[in-house]
Structures are given as structure tokens and as C-alpha cells.
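These notes concern the structure reproduced below.
The values are calculated or read from the model by the stated rules, or taken from the named source; none is laboratory data. Quick caveat: nothing in here was measured; it's all calculated off a predicted structure. Glycine also receives a Cβ, built like all others from the backbone with ideal geometry; neighbour counts cover every protein chain displayed. For accessibility, only protein heavy atoms count, side chains too; no ligands or nucleic acids. Shrake-Rupley method; radii C 1.70, N 1.55, O 1.52, S 1.80 Å.
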Amino acid sequence: MKLERARGFLRARFTREGTVGLYLTLGFLACAAVVLLFGTLARFVFREEGIPLDREVTLAIRELHSPGHDRFLRAVTLLGDFAVLLPATLIVTAALVWKGHRVSAVLFAGSVVGGLLLNLLLKWSFERPRPDLWPPL
């Protein structure tokens, strides 16, 4: 009986309508795993004894510093700016709706908005300044 219920549950998740629920469930589980991993990493960053992990990583990355890398990373950073993300999200969402992929449009827009909200929540939760080992670029 339990095996048949499990098969029915899985079969329902692989129908056209059930796929959205499956994606949302798997997405939620993946986000939960990432939050757990991030929490573990945050515990190491906030440890009191010795040199904090973020300082160690920042110093290691400093070794890769060069004018070419700076230009490239500034360009990459701009891709995450609100002025780029908002129009890009609207364009992709509109294109998905226009092509008839309404569910994909909702999932895409929801994931972008959810990512932005999660980013804000984590920044508000930790309230940790960036390491100030040298002036920012």
C-alpha cells in the first residue's frame, strides 16, 4: 500500500501540472540545503579566535589583484546591479509569456524576486561590514 502511494505521488509530480510542484519542492529543498551550508560557513566567519575566515579569503584573493582583473570583475559586478537585473528580468519574463510559457515566466520572475529578497534578508540579518584591509575599488 505504501509503495503504491509513493508511486502515485511520484507519478502525479511528473505530469505537466505536477511538474511545477515538483520544481518548487526541489527548489525549496535546494534552498534549505544552501541555507544550512551558508549558516555553517557563517559560523566559521564569525568565530572569535584566530584570524577570521573572511580575512583569510580576502588576503588570498588580494594575491590575484591586477588592473585587468579589476576591470573584468567590475563588469561582472554590474550584472548584479538592480539597474541591470530589473530590465533583464522584465524582458525574459515578457519573452516567456509571449512564447506561451506562462508557468516558466512565473517561476523565473519568482526566483529572481526571491533571490533579491533573500539577499536583503541575509544582509539585514548579519549586519557585517566588509573587511577593510585596503580601500575598495
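Descriptive notes on the structure:
- For V97, solvent-accessible area (1.4 Å; no DNA, RNA or ligand), Å²: 60 Å²
- Exposure rank, largest accessible area first [E56, E127; 1.4 Å]: E127, E56
- On the beta carbon distance between V57 and W98, with R0 = 41 Å, the FRET formula returns roughly 0.45.
- Ranked from largest to smallest solvent-accessible area, with a 1.4 Å probe on the protein heavy atoms, W124, W98 come out as W98, W124.
- Between F38 and R5, the simple spin-label model (points 7 angstrom out along Cα→Cβ) gives 3.4 nm.
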